[in-house]
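The values are calculated or read from the model by the stated rules, or taken from the named source; none is laboratory data. What you are looking at is a predicted structure, and each value in this text was computed from that prediction instead of being measured. Don't worry about glycine lacking a Cβ; one is built from the backbone with ideal geometry, like all the others, and counts go over all protein chains shown.
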Ligand SMILES: *Cc1c(COP(=O)(O)O)cnc(C)c1O
Ligand SMILES: [Zn+2]
């Protein structure tokens, strides 16, 4: 692919230079402390017909698409809205719910990241993707890998092994299970990224991840007809919040969907609330004392436990909150569990614990008077439909290829053997 033919370039908000995406760029070549942002040639909003995230291909960093029905859906809530006395509550659902055309087999919005990322890797001709995950990201990448027969290496804590399954056999997935927590998985995978032939997925720095997650806002605006006043999401890294903000900027630039950025309400699961603690004091930096002690296990939504979120970096979570006039929230496990039941009983589908955190955060903000009952609210249900999927779609559990018992354990030879298959 020649650089001229690409329909986007990468922009650094610090040095204000533009770059072409030849080598799966994750950061500014000038060394700036920023998130690169995608600039698309096409400025009008032009969703293609059909389902699946690639109907937003104009605003995804890929030249070709993968055929899939997987994408966000959006509808106006009736029952939950009535109970909370909200006039204009919209639900974005990323999961499995066939009646509503929601066909996300791995059941979370991480799949919207995995599709364009795997495709971008292929087009940029870089090495094999390595991704560390608390479970949902790993399952999403495994699902896409199994669907398109492209390799991926995933690193998860041992406790997440049960969560790694796919709807096709995962023949090209190399699964590494760490005897430790999510933070250990991240640290261990950082070391593996120096191996030749491996590229780090990149987390928030990966534009395909952010623009993929941004399709939630695009689909919502396509359904609602204009930008919402609020965007609500349970967060660990906050990347979904950054993505919603960036997508809203693009929509405002079209001139057709409003001029005001949706305010972000991002919620963390107490006691794991580093972003909330720092932002409540308007600090641009997360300090050691913002992080919880070794009591992560007590968190209802472990996918929300990220110790190093992209918060301070230019274009990151802090900037997204400031620019949108957003707020941070925090909810307990008990509040989240109650919210799970309320959502299931009103809307009629089971949701991911992290999505229950979103619901609990909405309830609390309404109760505390932070959100006006007439405002247009977009509630991001980031995952769900596990029970439905279990009953209807056959799955294949992936067993680990290596188990790492000590954090200094050397598994280079096992990894090289896997890489060699794809030379
Ligand atoms: C990863 C994840 C989140 C948190 O997303 P971030 O925006 O990266 O903080 C929320 N819900 C679910 C279901 C997730 O898998
Ligand atoms: Zn720069």
Residue in the stretch 222-229 that is touching a helix residue (DSSP H, G or I) at 6+ places or on another chain (Cβ under 7 Å) and closer than 24 Å to residue 103 by Cβ present: yes
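Does the stretch 316-328 include one or more residues that are within 16 Å of ligand 2 (Cβ to nearest atom), surrounded by fewer than 19 Cβ atoms within 10 Å (Cβ to Cβ) and farther than 26 Å from residue 384 by Cα? Steps first, answer last, please.
Taking the stretch 316-328 as the starting set, the residues that turn out to be within 16 Å of ligand 2 (Cβ to nearest atom) are 316, 319.
Then drop every residue that is not surrounded by fewer than 19 Cβ atoms within 10 Å (Cβ to Cβ), which leaves none.
Taking every residue of the stretch 316-328 in turn, none turns out to be within 16 Å of ligand 2 (Cβ to nearest atom), surrounded by fewer than 19 Cβ atoms within 10 Å (Cβ to Cβ) and farther than 26 Å from residue 384 by Cα.
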Given (1) without any contact (Cβ under 8 Å) to a residue 60 or more places away in the chain; (2) within 15 Å of residue 89 (Cβ to Cβ); (3) surrounded by fewer than 23 Cβ atoms within 10 Å (Cβ to Cβ), number of the condition residue 339 does not satisfy: (3)
Enumeration of residues in the stretch 370-408 that are assigned to a loop (DSSP other than H, G, I, E, B) and within 20 Å of residue 97 (Cα to Cα): 382, 385, 393, 394, 395
Residues of the stretch 62-83 that turn out to be part of a loop (DSSP other than H, G, I, E, B) and crowded, with 21+ Cβ neighbours inside 10 Å, as a count: 4
Members of the stretch 11-22 found to be assigned to a loop (DSSP other than H, G, I, E, B), touching a strand residue (DSSP E or B) at 6+ places or on another chain (Cβ under 9 Å) and more than 7 Å from ligand 2 (Cβ to nearest atom), listed by number: 13, 20, 21
Single condition residue 90 does not satisfy, out of (1) surrounded by 19 or more Cβ atoms within 10 Å (Cβ to Cβ); (2) at pLDDT 95 or above; (3) part of a helix (DSSP H, G or I): (3)
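Yes/no matrix, rows are residues, columns are (1) under 30 Å from residue 370 (Cα atoms); (2) within 16 Å of ligand 1 (Cβ to nearest atom):
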site: 5; (1), (2): no, no
site: 15; (1), (2): no, no
site: 28; (1), (2): no, no
site: 36; (1), (2): no, no
site: 54; (1), (2): no, no
site: 69; (1), (2): no, no
site: 91; (1), (2): yes, yes
site: 106; (1), (2): no, yes
Failed item in (1) surrounded by 14 or more Cβ atoms within 10 Å (Cβ to Cβ); (2) at pLDDT below 95; (3) within 22 Å of residue 302 (Cα to Cα), with residue 407 passing the rest: (1)
Among (1) exposed (fewer than 12 other Cβ atoms within 10 Å of the Cβ); (2) modelled with pLDDT under 95; (3) at negative phi - the single one residue 50 does not satisfy: (3)
Counted residues, the stretch 23-51 - those being closer than 20 Å to residue 116 by Cα, part of a loop (DSSP other than H, G, I, E, B) and more than 9 Å from ligand 2 (Cβ to nearest atom): 15
Breaking point among (1) out of contact with any helix residue (DSSP H, G or I) (no Cβ under 7 Å at 6 or more places or on another chain); (2) within 16 Å of ligand 1 (Cβ to nearest atom), for residue 19: (2)
Pair list, Cβ under 8 Å, 6 or more apart: the stretch 30-49 residue without any contact (Cβ under 8 Å) to a residue 12 or more places away in the chain, other residue away from ligand 1 (no atom under 16 Å from the Cβ): 48/54; 48/55; 48/56; 48/57; 49/55
Long-range neighbours under 9 Å by Cβ, at least six apart or interchain, first residue at positive phi within the stretch 8-27, second in a loop (DSSP other than H, G, I, E, B) and more than 16 Å from ligand 1 (Cβ to nearest atom): 24/125; 24/126; 24/127
Enumerated helices (runs of 4 or more DSSP H) restricted to the stretch 251-363, each holding at least 1 residues that are over 18 Å from residue 238 (Cα atoms): 333-347
